[in-house]
Amino acid sequence: MENAFGLIYTGDASMQLRELTFSRSVAAVPFGGRYRTIDFMLSDLVNTGIYNVGIIAQKNYHSLMDHLESGKEWDLHRKRDGLFILPPFVTHDNTGVYRGTVDAIRSCMGYIRRSSQKYVVLMGSHTIYNTTYNEMISEHIKSGADITIMYNRTPVYDRKEQFDDLRIKFDKDGRVTDLALNPAITDTEFCSCDAFVMEKTTLEYLVEDAYAHALYDFTNDVLVSNVDRLNIRGWEYTGFVARLNSVNDYYKYNMALLDKAVSKELFSHEHPIYTKIKDEFPASYVGEGYAKNSVVADGCVIEGSVENSVLFRGVHVAPGAVIRNSIIMQGAYIGPDSVLDCVILDKGVNVLEGRTLSGHGSYPVILRKGTVV
Amino acid sequence: MPKKKMIAMLLAGGQGSRLGVLTKSMAKPAVPFGGKYRIIDFPLSNCVNSDIDTVGVLTQYEPLALNAYLGSGQPWDLDRMNGGVFVLPPYVSGSDGKWYSGTANAVYQNIAFIDQYDPEYVLILSGDHIYKMDYARMLQYHQAMHADATIAVLTVPMEEASRFGIMNTDEGGRIVEFEEKPKHPKSNKASMGIYIFNWKILRPYLVNDEQDKASSHDFGKNIIPNLLNAGANLYAYGFTGYWKDVGTIGSLWEANMDLLGAKPEFKLSDKDWRIYSKSPAMPPHYIGSEAEVRNSLVSEGCVVYGNVEKSVLFTGVHVGANSVIRDSIVMPNAVIGENVTVEKAIIGEGACVENGAHIGAERLESDGDYDTKLTGDITLVANTVTVPEGRRIPVGMIVK
């Protein structure tokens with residue numbers, strides 16, 4: 001058990017994920033055949049021994065609440081602490097619409113104040129990895145830092161692919177000397193993983209202080225502008241990190257799971273990733289149906305051919321259908337003799353007989369939830 | 001405690017000795033089935049889907065695996081404020097205490113448990129069968145017939161009838177005679193071991209049977225005949241649909257094979273009648289570039305580099321490159337190395353078959369004499385056993 005609680009901000013309004021976030025927050029975006037993005041954050045916390053988790057919801061959180069329910073799948077339905085979904089609500093000092101992350105965190109000060117743990121792990125919801133925070137928290141305590149940022153080494157992004165790209169520079173003692181958000185030019189490969197450890201009182205102070213100065217963005221107004229004032233340090237994560245910055249990244253990182261080394265790292269036996277259980281039957285390969293170099297979830301019925309693809313739960317591939325280089329989300333039906341190449345089908349898409357859809361690896365075609373082709 | 005209309009008592013004490021090494025360290029109801037299930041998931045899911053929320057599971061043989069599996073009952077939605085799933089082992093009371101000596105005795109020893117809920121009806125189930133059944137409809141029939149007890153029956157081929165407990169009924173479905181494994185059966189209505197009793201009627205019969213020193217304290221041998229002799233209203237409830245006793249190696253293998261194909265004998269994909277099970281939190285399965293999987297079931301957590309045909313792979317199974325798995329069942333977390341051949345076999349939970357081994361190879365004279373009474377032509381590798389590199393295991397052999 002760690003003396004910490006988790007606070008996950010799910011309000012990121014990422015327009016760069018296009019159709020995938022039309023009706024859901026990034027936290028609820030399906031990933032890896034049977035998961036939602038938030039499963040990774042929640043499992044990381046629970047595997048750390050953190051059982052008090054607040055989720056700040058802002059927009060389109062219906063899908064997220066539907067997924068989380070009571071939190072029992074993550075062992076977070078507890079009498080002491082557990083899962084707290086914190087949607088916006090209107091009071092005299094909370095207008096219900098947040099002007100930024102500071103505003104959002106400030107509106108759930110009640111929850112933060114009531115949490116009995118000394119430390120907080122503050123996280124965003126579009127960075128996927130599998131780790132525990134135990135080492136990071138003990139490093140934080142030992143170093144005496146005000147804030148510890150989890151980071152990894154990531155090559156500089158193309159401008160189009162940049163989203164909340166927080167670049168970090170350190171001095172030789174490991175103290176952060178510069179933070180830059182979405183810099184056009186940068187010479188550092190150290191990139192924030194969107195997870196921060198600090199004392200609860202530090203968070204309370206920084207948020208109130210920013211708010212009092214009419215500053216509303218946590219990254220810009222609290223972190224970037226306070227580099228000189230605060231002792232900010234880093235904790236390096238060397239494992240696999242998937243940042244869902246854009247549709248291309250989404251496509252790339254789902255496909256990365258076809259690499260054995262990556263999937264082994266993201267789904268370790270020691271630190272399982274928990275998700276909502278659907279009680280689907282095992283995947284059934286029928287007749288001429290087969291799959292090659294693919295990830296296939298339970299509940300799929302494969303009567304056609306599937307190559308280099310990720311199939312979520314309950315996808316039905318009819319005889320003669322061909323799926324290549326694609327991501328097919330839950331409950332899709334792919335009709336007989338249809339051909340799909342480089343497409344992302346959102347949940348419940350119905351592709352009728354003989355249709356052909358083709359994108360390109362650099363520009364996958366997305367079909368919205370429930371589309372009938 | 002609020003009164004319950006009907007509660008279920010699930011007899012899960014059987015050792016399942018005909019399953020050989022598979023039940024060496026677990027009771028038969030805990031044996032894996034169908035890729036991600038265990039046998040007990042079927043009666044439990046049937047209960048939940050039939051709106052029965054209180055289930056006593058009577059266990060006494062190797063209960064650890066079963067206890068650990070059932071836990072709080074959450075996977076079956078049986079973690080209830082009032083009711084839920086209860087594991088009921090034999091216990092010592094005062095200076096007395098004894099093992100369950102028969103099916104009726106097991107329920108007798110738990111009269112206090114049942115009385116807590118003051119149920120009108122008690123459903124008796126066994127944890128040995130694979131089937132989907134709506135017990136609520138059986139109860140409706142029981143009520144409509146004003147029966148004292150109702151026994152679910154299945155029409156079996158006449159030539160097989162002498163293997164079962166046979167119910168001879170009149171035209172209205174009332175049971176007039178019960179014969180346990182008759183040499184010359186008069187009907188082909190076989191008891192499925194599923195009973196609904198009016199608790200007020202069953203209770204004194206259990207108490208009286210306990211006093212009878214000559215009784216074997218069994219529902220089929222004692223309680224049902226006693227009720228019939230006393231002229232009670234016993235009805236047969238006809239069940240149509242898939243039902244399989246998976247008590248032998250052969251029937252366990254067959255029942256798994258019945259799940260394969262576009263129109264399987266037994267359909268698990270019924271959205272209105274889901275079978276619930278405990279999820280091991282594993283990622284979706286992965287099929288490698290050189291792998292070939294045909295006509296098979298593959299569960300979460302599997303990683304397949306070899307060829308799999310007409311087989312059932314349970315959760316977390318690994319199949320190495322250039323290996324061939326045919327007509328086989330590979331139970332959870334088993335590891336199959338490279339260049340391995342597995343034909344018509346059951347590979348136990350967590351077993352390891354090292355590179356180049358051949359399971360189910362043609363029997364040679366040099367293999368000598370070994371017992372295939374339990375296995376027939378199915379080769380069996382016990383749970384957690386390692387088959388060393390290059391080893392040849394002939395048809396029907398059991399590797400312990």
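The values are calculated or read from the model by the stated rules, or taken from the named source; none is laboratory data. Everything numeric here is computed off the predicted structure, so don't read it as measured data. Every residue, glycine as well, gets a Cβ built from its backbone with ideal geometry; the counts of neighbours run over all protein chains shown.
Could you count how many residues in region A:188-217 are assigned to a loop (DSSP other than H, G, I, E, B) and of a type in the set (Val, Ile, Thr)?
Here the count works out to 1.
Is there any pair with a first residue in region B:311-340 that is in contact (Cβ under 8 Å) with a residue 60 or more places away in the chain and a second that is among the basic types (Lys, Arg) whose Cβ atoms are under 8 Å apart and which are 6 or more apart or on different chains, and what are they?
B:Phe314/B:Lys36; B:Thr315/B:Lys36; B:Asp327/B:Lys310; B:Asp327/B:Lys344
Of all the residues that make up region B:64-101, how many are farther than 17 Å from B:Tyr37 by Cα and surrounded by 20 or more Cβ atoms within 10 Å (Cβ to Cβ)?
3
In region B:199-243, which residues are among the charged types (D, E, K, R) and part of a loop (DSSP other than H, G, I, E, B)? Don't jump to the end; show me each part of the working.
Residues of region B:199-243 among the charged types (D, E, K, R): B:200, B:203, B:209-210, B:212-213, B:218, B:221.
Once the filter is applied, which keeps residues that are among the charged types (D, E, K, R) and part of a loop (DSSP other than H, G, I, E, B), region B:199-243 yields B:Asp212, B:Lys213, B:Asp218.
Can you name every residue in region B:123-148 that is among the hydrophobic types (A, V, I, L, M, F, W, C) and closer than 21 Å to B:Ala12 by Cα?
At the first step, the residues of region B:123-148 found to be among the hydrophobic types (A, V, I, L, M, F, W, C) are B:123-125, B:130, B:133, B:136, B:138-139, B:144-145, B:147.
Selection gives B:Leu123, B:Ile124, B:Leu125, B:Ile130, B:Met133.
Would you pick out the residues in region A:275-292 that are more than 7 Å from chain B (Cβ to nearest Cβ), in contact with a helix residue (DSSP H, G or I) (Cβ under 9 Å, 6 or more places away or on another chain) and not basic (Lys, Arg)?
A:Thr275, the sole residue that qualifies.
Of the residues B:Val57, B:Val122, only one is touching a helix residue (DSSP H, G or I) at 6+ places or on another chain (Cβ under 6 Å) and either aliphatic (A, V, I, L, M) or over 17 Å from B:Leu202 (Cβ atoms) (or both); which? Break it down into steps so the answer makes sense when it comes.
Numbers: B:Val57 fails: touching a helix residue (DSSP H, G or I) at 6+ places or on another chain (Cβ under 6 Å).
Result: B:Val122 is the single residue among B:Val57, B:Val122 that is touching a helix residue (DSSP H, G or I) at 6+ places or on another chain (Cβ under 6 Å) and either aliphatic (A, V, I, L, M) or over 17 Å from B:Leu202 (Cβ atoms) (or both).
Can you find, within region B:1-39, the residue that is surrounded by the most Cβ atoms within 10 Å (Cβ to Cβ) among those that are in a loop (DSSP other than H, G, I, E, B) and aliphatic (A, V, I, L, M)?
Here the answer is B:Ala12.
Return the only residue of B:Lys28, B:Lys4 being over 18 Å from B:Asp245 (Cα atoms), charged (D, E, K, R) and touching a residue at least 24 places away in the same chain (Cβ under 8 Å). Full working, then the answer.
Values: B:Lys28 fails: over 18 Å from B:Asp245 (Cα atoms).
Checking each option against the conditions leaves just B:Lys4.
Do we find that B:Asn295 is more than 7 Å from every other protein chain (Cβ to nearest Cβ) and within 18 Å of B:Lys310 (Cα to Cα) in this structure? Spell out the reasoning first.
Details: more than 7 Å from every other protein chain (Cβ to nearest Cβ): no; within 18 Å of B:Lys310 (Cα to Cα): yes.
Judged against the criteria, B:Asn295 is not a match.
Being assigned to a loop (DSSP other than H, G, I, E, B) and either over 12 Å from A:Asp346 (Cα atoms) or among the hydroxyl-bearing types (Ser, Thr, Tyr) (or both) is the filter here, so list the residues in region A:316-332 that pass it.
A:Ala318, A:Pro319, A:Gly320, A:Ala321, A:Asn325, A:Ser326
For region B:255-275, enumerate the residues that are surrounded by fewer than 20 Cβ atoms within 10 Å (Cβ to Cβ) and facing chain A (nearest Cβ under 7 Å).
Across region B:255-275, the qualifying residues are B:Gly261, B:Ala262, B:Ser269, B:Arg274.
Conditions tested, residue by residue: (1) part of a loop (DSSP other than H, G, I, E, B); (2) more than 22 Å from the chain's Cα centre (by Cα); (3) closer than 19 Å to A:Val306 by Cβ; (4) not aliphatic (A, V, I, L, M).
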residue	(1), (2), (3), (4)
B:Asn322	yes, yes, no, yes
B:Asn339	yes, yes, no, yes
B:Ile346	no, no, no, no
B:Glu349	yes, no, no, yes
B:Ile359	no, yes, no, no
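Give the residue, chosen from B:Leu125, B:Leu139, that is farther than 25 Å from B:Gly231 by Cβ and either buried (at least 21 other Cβ atoms within 10 Å of the Cβ) or at pLDDT 90 or above (or both).
None of the others qualify; the one that does is B:Leu125.
Going through B:Asn233, B:Asn229 one at a time, which residue ends up being in contact with a His (Cβ under 8 Å, 6 or more places away or on another chain) and surrounded by fewer than 18 Cβ atoms within 10 Å (Cβ to Cβ)?
It is B:Asn233.
Being within 20 Å of B:Asp272 (Cβ to Cβ), assigned to a loop (DSSP other than H, G, I, E, B) and either out of contact with any strand residue (DSSP E or B) (no Cβ under 8 Å at 6 or more places or on another chain) or at the interface with another protein chain (Cβ under 8 Å from one of its Cβ atoms) (or both) is the filter here; which residues of region A:298-315 pass it?
If the condition is that a residue be within 20 Å of B:Asp272 (Cβ to Cβ), assigned to a loop (DSSP other than H, G, I, E, B) and either out of contact with any strand residue (DSSP E or B) (no Cβ under 8 Å at 6 or more places or on another chain) or at the interface with another protein chain (Cβ under 8 Å from one of its Cβ atoms) (or both), then A:Asp298, A:Gly299, A:Arg313, A:Gly314 are the ones that fit.
List the residue pairs whose Cβ atoms are under 8 Å apart, where the first residue sits in region B:70-81 and is farther than 16 Å from A:His77 by Cα, the second is buried (at least 16 other Cβ atoms within 10 Å of the Cβ) and polar (S, T, N, Q), and the two are 6 or more positions apart or on different chains.
Listed pairs, sorted by first residue: B:Trp76/B:Ser45.
How about region B:1-26: which of its residues are among the hydrophobic types (A, V, I, L, M, F, W, C) and closer than 29 Å to B:Asn198 by Cβ?
B:Met1, B:Met6, B:Ile7, B:Ala8, B:Met9, B:Leu10, B:Leu11, B:Ala12
Counting only residues that are facing another protein chain (nearest Cβ under 8 Å) and either assigned to a loop (DSSP other than H, G, I, E, B) or at pLDDT 95 or above (or both), which one in region A:258-274 is farthest from A:Ser43 (Cα to Cα)?
The qualifying residue farthest from A:Ser43 (Cα to Cα) is A:Leu258.
Residue under question is A:Val295, and the condition is that it be facing another protein chain (nearest Cβ under 10 Å), surrounded by 18 or more Cβ atoms within 10 Å (Cβ to Cβ) and free of Cβ contacts under 8 Å to residues at least 60 places away in the same chain; does it hold?
It is false that A:Val295 is facing another protein chain (nearest Cβ under 10 Å), surrounded by 18 or more Cβ atoms within 10 Å (Cβ to Cβ) and free of Cβ contacts under 8 Å to residues at least 60 places away in the same chain.
Based on this model, can you work out whether A:Tyr157 counts as closer than 25 Å to A:Gly32 by Cα and among the hydroxyl-bearing types (Ser, Thr, Tyr)? Steps first, answer last, please.
Values: closer than 25 Å to A:Gly32 by Cα: yes; among the hydroxyl-bearing types (Ser, Thr, Tyr): yes.
Yes.
Here are the criteria: (1) of a type in the set (A, V, I, L, M); (2) modelled with pLDDT under 95; (3) crowded, with 18+ Cβ neighbours inside 10 Å. Tell me which single one A:Met198 does not satisfy.
Single failed check for A:Met198: (2).
Just to be sure I understand, how many residues within region A:128-160 are exposed (fewer than 15 other Cβ atoms within 10 Å of the Cβ) and touching a residue at least 24 places away in the same chain (Cβ under 8 Å)?
Qualifying residue count, region A:128-160: 7.
Only one of these conditions is not met by A:Thr202: (1) without any contact (Cβ under 8 Å) to a residue 24 or more places away in the chain; (2) β-branched (Val, Ile, Thr); (3) under 30 Å from A:Lys118 (Cα atoms). Which number is it?
Single failed check for A:Thr202: (1).
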